[in-house]
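Working notes for the structure below.
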Amino acid sequence: MDCFRIEGGHRLSGRLSVEGSKNASLPLMAATLLADGPVDLHGVPELSDTRNMIRLLTELGIEIDESEPGRLRFKTVDPTAVHARYDIVRTMRASICVLGPMLARRRRAVVSMPGGCAFGSRPVDLHLRGLEALGATVRLDGGDIHCEAEKLRGTTIFLGGPFGSTVLGTANVMSAATVAEGTTIIECAACEPEIADLARLLNAMGARIEGAGTPRLVIHGVDELGSASHRVMPDRIVAGTYAAAAAVTGGDIEIADFPHECLLAAIDRFTQIGVSVERLAPEEDPIRCRVRVTSDPDLRPTIITTQPHPGFPTDLQAQFMTLLCLARGNSIITEKIYPERFMHVAELSRMGAELIRQGPTVMVVGGRPLVGAPVMASDLRASACLVMAGLAAEGETIVNRVYHLDRGYYRMEKTLNDLGARIERLDDRELPDRIED
Ligand code: EPU
């Protein structure tokens with residue numbers, strides 16, 4: 001298994017540009033199951049999650065042409081395949097987003113039920129409730145979700161759950177509703193920019209979706225969807241992670257393709273903390289602009305509560321925890337989307353952070369120096385926060401199990417090394433003190 005050896009204390013400077021969004025790409029790729037003609041996607045990032053989605057869609061009878069760099073062409077060649085198997089679903093929960101498109105286009109879908117993950121149980125009841133409301137019958141058999149519907153019919157669906165809206169649930173129900181008979185209204189739809197990006201692709205394929213990016217979606221069903229070409233939006237979480245990484249080193253970096261408009265809650269917290277994210281050319285597209293990130297010599301503490309978009313994203317909670325370890329004073333972080341998403345707390349504590357957790361809230365006692373140590377990555381964003389801690393720490397940090405990181409960041413060590421970091425990717429067998437499972 002690969003790990004990172006990080007020599008801390010090097011200030012980041014220079015330029016980078018943000019890759020296409022993983023969380024936009026996965027439902028966009030799944031939506032190609034709905035199309036009668038070929039669909040082109042530009043800017044799908046090269047990550048293990050997008051590779052897994054390619055594998056899954058290939059098993060589901062989609063031919064994927066990768067001959068042009070940065071462009072994938074999806075074309076259905078076998079519409080009879082309907083089974084998303086456990087082997088793939090267990091490696092990537094987001095496989096669930098093939099359920100709605102496959103049901104709508106092939107009238108039947110069998111998708112292995114995703115299990116829990118490092119940050120708690122992750123139910124899919126809202127996805128299933130939404131599809132049932134459209135007329136599907138749903139049953140669970142042998143760990144697989146079986147969904148069937150001769151015809152889907154538009155209706156009004158409330159998609160809110162105990163933690164707010166559901167992102168992939170909205171993607172599933174919205175995708176299925178595009179070819180349902182009549183009009184579907186989804187109330188409490190996810191407002192995440194990745195859902196708006198999906199609606200843009202579906203509309204380009206011939207769907208009639210109104211209200212994307214708001215909590216009320218109105219979808220007028222059409223008979224069929226056809227070819228389209230679409231450029232994936234930049235990854236807002238990657239953008240926020242690199243901005244935070246620069247800040248923990250007191251760096252000065254320029255980021256291109258920065259989705260500023262999608263990161264207002266994070267930018268608001270950066271400003272409070274003393275990190276400036278300045279747009280360099282205000283006339284540029286607010287979803288793909290250039291920004292300069294710099295920080296005050298003394299960072300200030302703050303209060304962060306994760307919420308559905310446009311609130312502060314849960315996918316940046318861990319990275320901001322590292323940043324707040326360096327602030328002068330105590331901060332409070334409350335996780336309202338995944339109350340158990342705190343696996344990084346114990347690992348940061350191994351590096352000298354003082355973190356006091358009570359349920360979904362962590363008090364970050366700022367100003368304690370971080371000291372390099374071997375640590376264990378538990379999920380994608382926790383891994384990013386540990387790499388950042390390694391950049392800021394005195395001495396050497398080993399971040400084990402960086403395969404989590406490769407799910408969502410394209411060669412993070414190269415991007416950071418190009419900015420002046422010192423990170424080596426090693427096989428953990430090369431280390432004298434390897435950590436056993
Ligand atoms: N929930 C339910 N029932 C459901 C679905 C969700 O109760 O049927 C709950 C969840 O347990 C959670 C909340 O609703 O408490 C929100 O979950 P959501 O369904 O929105 O999450 P998701 O769609 O499975 C996506 C991202 C996650 C991101 C969340 C929240 C993708 C591929 N994944 O997951 O990204 O954290 O939205 O914004 O888009 C990551 O990239 O690291 C990541 C985990």
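The values are calculated or read from the model by the stated rules, or taken from the named source; none is laboratory data. Because the structure is a prediction, the values reported are computed rather than measured. Quick reminder, even Gly has a Cβ in these numbers, built from the backbone with ideal geometry, and neighbours come from all protein chains shown. Surface areas here come from the heavy atoms of the whole protein model, side chains and all, with no ligands, DNA or RNA. Shrake-Rupley method; radii C 1.70, N 1.55, O 1.52, S 1.80 Å.
One table, with the values for the structure above:
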{"read-out": "The one condition in (1) more than 18 Å from HIS42 (Cβ to Cβ); (2) open to solvent by 40 Å² or more (accessible area, probe 1.4 Å); (3) of a type outside the set (Lys, Arg); (4) in contact with a strand residue (DSSP E or B) (Cβ under 6 Å, 6 or more places away or on another chain) that VAL167 fails to fulfil", "value": "(4)"}
{"read-out": "Subset of the stretch 17-53 [open to solvent by 20 Å² or more (accessible area, probe 1.4 Å) and more than 13 Å from the ligand (Cβ to nearest atom)]", "value": "SER17, GLU19, ASP36, PRO38, HIS42, GLY43, VAL44, GLU46, ARG51"}
{"read-out": "Residue within the stretch 91-104 that is open to solvent by 50 Å² or more (accessible area, probe 1.4 Å) and either closer than 23 Å to GLY135 by Cβ or in contact with a strand residue (DSSP E or B) (Cβ under 7 Å, 6 or more places away or on another chain) (or both) present", "value": "no"}
{"read-out": "Residue satisfying all of: in the stretch 298-314; aliphatic (A, V, I, L, M) and part of a strand (DSSP E or B); surrounded by the most Cβ atoms within 10 Å (Cβ to Cβ) among these", "value": "ILE304"}
{"read-out": "Index of the failed condition, GLY359 passing every other in (1) at positive phi; (2) under 23 Å from the mean Cα position of the chain (by Cα); (3) surrounded by fewer than 17 Cβ atoms within 10 Å (Cβ to Cβ)", "value": "(2)"}
{"read-out": "Failed item, numbered, when THR80 is tested on (1) touching a residue at least 24 places away in the same chain (Cβ under 8 Å); (2) within 16 Å of the ligand (Cβ to nearest atom); (3) open to solvent by 80 Å² or more (accessible area, probe 1.4 Å)", "value": "(2)"}
{"read-out": "Residue list for the stretch 333-342, filter: farther than 15 Å from PRO123 by Cβ and surrounded by fewer than 18 Cβ atoms within 10 Å (Cβ to Cβ)", "value": "THR334, LYS336"}
{"read-out": "Qualifying residue in the stretch 145-165 (condition: modelled with pLDDT under 95, hydroxyl-bearing (Ser, Thr, Tyr) and within 8 Å of the ligand (Cβ to nearest atom))", "value": "no"}
{"read-out": "Residue within the stretch 214-224 that is touching a helix residue (DSSP H, G or I) at 6+ places or on another chain (Cβ under 8 Å), of a type in the set (Gly, Ala, Ser) and within 26 Å of ALA327 (Cβ to Cβ) present", "value": "no"}
{"read-out": "Candidates PHE158, PHE119, filtered to the one that is aromatic (Phe, Trp, Tyr) and exposed (fewer than 15 other Cβ atoms within 10 Å of the Cβ)", "value": "PHE158"}
{"read-out": "Odd one out for ASP379 among (1) modelled with pLDDT under 95; (2) closer than 24 Å to ILE253 by Cβ", "value": "(2)"}
{"read-out": "Scope the stretch 240-296; condition assigned to a loop (DSSP other than H, G, I, E, B), in contact with a Pro (Cβ under 6 Å, 6 or more places away or on another chain) and buried (at least 22 other Cβ atoms within 10 Å of the Cβ); matching residues", "value": "PRO259"}
{"read-out": "Hits in the stretch 288-314 (condition: within 16 Å of the ligand (Cβ to nearest atom) and either touching a Cys at 6+ places or on another chain (Cβ under 8 Å) or hydroxyl-bearing (Ser, Thr, Tyr) (or both))", "value": "THR305, THR306, PRO308, HIS309, PRO310, THR314"}
{"read-out": "Tally of residues being more than 8 Å from the ligand (Cβ to nearest atom) and in contact with a His (Cβ under 7 Å, 6 or more places away or on another chain) across the stretch 88-137", "value": "2"}
